[in-house]
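Remarks on the structure that follows.
What follows is calculated from the coordinates using simple rules that are stated; it is not laboratory data. Here the structure is a predicted model, which means the values were calculated and not measured. Quick reminder, even Gly has a Cβ in these numbers, built from the backbone with ideal geometry, and neighbours come from all protein chains shown.
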Ligand SMILES: Nc1nc2c(ncn2[C@@H]2O[C@H](COP(=O)(O)OP(=O)(O)OP(=O)(O)O)[C@@H](O)[C@H]2O)c(=O)[nH]1
Ligand SMILES: [Mg+2]
């Protein structure tokens, strides 16, 4: 029993140290609809602050978001950006507020579901703003299903821009989800939830690696 207790004590201590190193000066920004939802969950796992950013004003009233920031109130009028060009413009319009959010952090985690307008346009723009402040940027993103044809090319361009901005990228491709045949098919919600869990797990690992914790 004593052995079990001491082993448990060790594990507890290790977990505390690991999460302490990850959360120190780390901020999670969830951008766009899927981004904000995944980020709210990720921030609970990382035990660090999160802020939801979207051009859609009503989406930000959800209680699961701690702090929120409306992107591009003039250019998007509280509605979805729909195209990456408008998402980028919305982020640029809100530049000063975004830069204020980055004050004092050394690690930014940017979360988005790529393929739409807001996340795919604003995330590279925000990554560039953070890199200008010498903040390390980890982009944790999902890639659209093959069925979402146009969205996949939008996502590809966004990945390229993130790479050029000097961000580390952790991506979960929705298309890589294993096919289940002959049993009960997973609902779309179950697949999205599983994708979210995978992305969060991959992000935690990457952050630990970056801090030399593995
Ligand atoms: N894992 C996960 N992915 C999602 C979810 N909802 C949407 N996605 C993915 O995220 C992509 C982008 O969708 P949104 O987040 O709604 O788009 P947006 O960034 O808000 O951009 P807008 O077009 O301006 O609304 C979609 O093409 C899907 O592949 C979700 O609940 N979970
Ligand atoms: Mg949206």
Point to revise | Euclidean distance of C-alpha centroids, the stretch 155-177 and the stretch 104-121, integer Å | key: 10 Å
Exercise for review: Could you grab the relative contact order for the stretch 27-108? Cα pairs under 8 Å, six or more apart, rounded to a whole percent.
Suggested key: 24 percent
Practice item. Set the Förster distance to 35 Å, then compute FRET efficiency between residue 205 and residue 77 from the Cβ-Cβ distance, nearest 0.05. Key: 0.30
Revision key, fill the gap. Expressed in nanometres to one decimal, the distance between label points 7 Å along Cα→Cβ at residue 147 and residue 168 is 3.4 nm
Practice item. State whether the stretch 100-214 is rounded, prolate or oblate according to the following rule on the C-alpha gyration tensor (a ≥ b ≥ c being the square roots of its eigenvalues): a/c under 1.5 gives rounded; otherwise a/b larger than b/c gives prolate, and the remaining case gives oblate. Key: oblate
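Once you keep just the Cα pairs under 8 angstrom separated by 6 or more residues, what percentage relative contact order results for the stretch 132-208?
Details: 66 pairs, mean separation 27.2, N = 77.
Here the relative contact order equals 35 percent.
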Review point. Roughly what would the spin-label model give for residue 58 and residue 177, points 7 Å off Cα along C-beta, in nm?
Key: 2.6 nm
Check your understanding: How many nm is it between the label spots at residue 44 and residue 134, if each spot is 7 Å from the Cα in line with the beta carbon?
Key -> 3.7 nm
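Could you tell me whether the chain comes out rounded, prolate or oblate from its Cα gyration tensor? Rule is a ≥ b ≥ c as square roots of the eigenvalues, rounded for a/c under 1.5, then prolate if a/b exceeds b/c, otherwise oblate.
oblate
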Review point. Does anyone have the angle between helix 149-164 and the longest principal axis of the chain? Alpha-carbon axes, 0 to 90°, nearest 10?
Key: 70 degrees
**Study point:** Cα-based helix-to-principal-axis angle, 84-93 vs the chain, degrees rounded to 10
**Key:** 80 degrees
Study note, to complete from the structure: Computed over the chain: longest principal axis from alpha-carbon atoms vs helix 188-210 long axis, angle to nearest 10 degrees, is 70 degrees
